[in-house]
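Right, one structure below, let's go through it.
The values are calculated or read from the model by the stated rules, or taken from the named source; none is laboratory data. Quick caveat: nothing in here was measured; it's all calculated off a predicted structure. Note: ideal-geometry Cβ built from the backbone for every residue, glycine included; neighbour counts use all protein chains shown.
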Amino acid sequence: METLFIGRNTIFLSDVSSTNSYALSMLNNVNVAEGTIIHANHQTQGKGQRGLQWSALQGLNLTFSVILKPSFLPLTKLFYLYQISALACFDSLTELINNSHIDIKIKWPNDILIDKRKIAGILIENNLLNNQINWSVIGIGINVNQLLFDTSPNAASLKMLTGQDYDLKFILTRIAFHLEKYYLALKQEKYDFIKTNYLNSFLGLNTYLNFEINNQIKAFLVKGISDKGLLLLEDKNGDEIELDVKEVKWHY
């Protein structure tokens with residue numbers, strides 16, 4: 001690993017229900033070094049957003065969790081963990097593909113889309129102590145060499161899009177490198193730097209897209225994110241609204 005601490009301690013598991021669950025169990029029982037990575041060859045019950053399951057075939061995809069201890073981060077800035085995690089994946093995938101004909105975007109808050117198909121997802125679980133972040137577990141799943149996704153019609157993999165096979169461990173090292181880069185920037189309170197990079201990769205920024213809110217589909221101008229890290233949209237009357245992830249569904 002070309003890093004100072006992220007990935008220096010890596011635990012590889014052949015089979016596990018969920019790398020996030022394994023990391024949470026470790027944190028509750030032993031003192032785990034910051035930057036520890038739990039990397040699984042196969043997850044049987046991988047976690048996704050909104051309580052959904054992240055499905056990945058054995059040995060074909062990258063599924064891992066990173067343990068961080070961002071006690072320096074104010075609770076009001078907690079959403080920056082989502083931004084730096086998404087950016088680490090975005091930068092790594094951009095390096096891997098390096099093709100101007102392929103469009104890579106971050107779909108708020110932290111899905112990675114290539115040509116509007118989901119290639120990666122991130123789930124972060126936090127533990128608070130005395131109104132302070134005690135630790136965070138960042139779970140990342142990337143579709144790499146899998147070719148069929150029966151239960152997820154919008155899913156895609158790197159191999160599906162490029163026809164190439166990819167080395168999972170190499171991708172892991174690049175994500176660890178970029179995650180550490182942004183994590184150290186976060187520690188130095190470089191919020192504008194992180195937010196600017198995040199918005200540069202933001203799906204639909206400054207364009208109208210359809211969103212489903214309260215079971216109604218309506219077009220909104222994508223303005224980015226609010227100071228609270230919420231999705232910021234503007235209707236055709238110029239009125240802005242802020243929405244949490246559970247309050248809105250994208251149609252793109």
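Assorted remarks:
- Strands (runs of 3 or more DSSP E) fully within segment 190-252 counting 2 or more residues that are in contact with a Leu (Cβ under 9 Å, 6 or more places away or on another chain) and aromatic (Phe, Trp, Tyr): 208-213
- Scanning segment 213-234 for residues that are surrounded by fewer than 13 Cβ atoms within 10 Å (Cβ to Cβ) and of a type in the set (Asp, Glu) yields one hit, Asp227.
- Scope segment 113-132; condition without any contact (Cβ under 8 Å) to a residue 24 or more places away in the chain and not hydrophobic (A, V, I, L, M, F, W, C); matching residues: Asn130
- Checking Leu184 against (1) modelled with pLDDT of 95 or more; (2) assigned to a loop (DSSP other than H, G, I, E, B); (3) more than 27 Å from His251 (Cα to Cα), the condition it does not meet: (2)
- Selection count where residues are among the aliphatic types (A, V, I, L, M), farther than 25 Å from Asn134 by Cα and at pLDDT 95 or above, scope segment 65-103: 1
- If only residues of segment 195-207 that are surrounded by fewer than 17 Cβ atoms within 10 Å (Cβ to Cβ) and among the hydroxyl-bearing types (Ser, Thr, Tyr) are counted, the one that is nearest to Tyr252 (Cα to Cα) is Thr207.
- Strands (runs of 3 or more DSSP E) lying entirely in segment 65-163 (those with 2 or more residues that are over 22 Å from Lys246 (Cβ atoms)): 117-129, 132-142
- Taken together, Asp239, Asp192 contain a single residue that is assigned by TED's automatic domain parsing to the domain that holds Ala86, among the charged types (D, E, K, R), without any contact (Cβ under 8 Å) to a residue 60 or more places away in the chain and exposed (fewer than 13 other Cβ atoms within 10 Å of the Cβ), which is Asp192.
Residues checked against (1) farther than 17 Å from Lys107 by Cβ; (2) touching a Pro at 6+ places or on another chain (Cβ under 6 Å); (3) outside the structural domain of Lys181 (by TED's automatic domain parsing); (4) at pLDDT 95 or above:
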| position | (1), (2), (3), (4) |
| --- | --- |
| Thr196 | yes, no, no, yes |
| Glu212 | no, no, yes, yes |
| Gly224 | no, no, yes, yes |
| Leu230 | no, no, yes, yes |
| Asp235 | yes, no, yes, yes |
| Leu243 | no, no, yes, yes |
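- Some residue of segment 47-60 being of a type outside the set (Ser, Thr, Tyr), touching a Ser or Thr at 6+ places or on another chain (Cβ under 7 Å), at pLDDT below 95 and crowded, with 19+ Cβ neighbours inside 10 Å: yes
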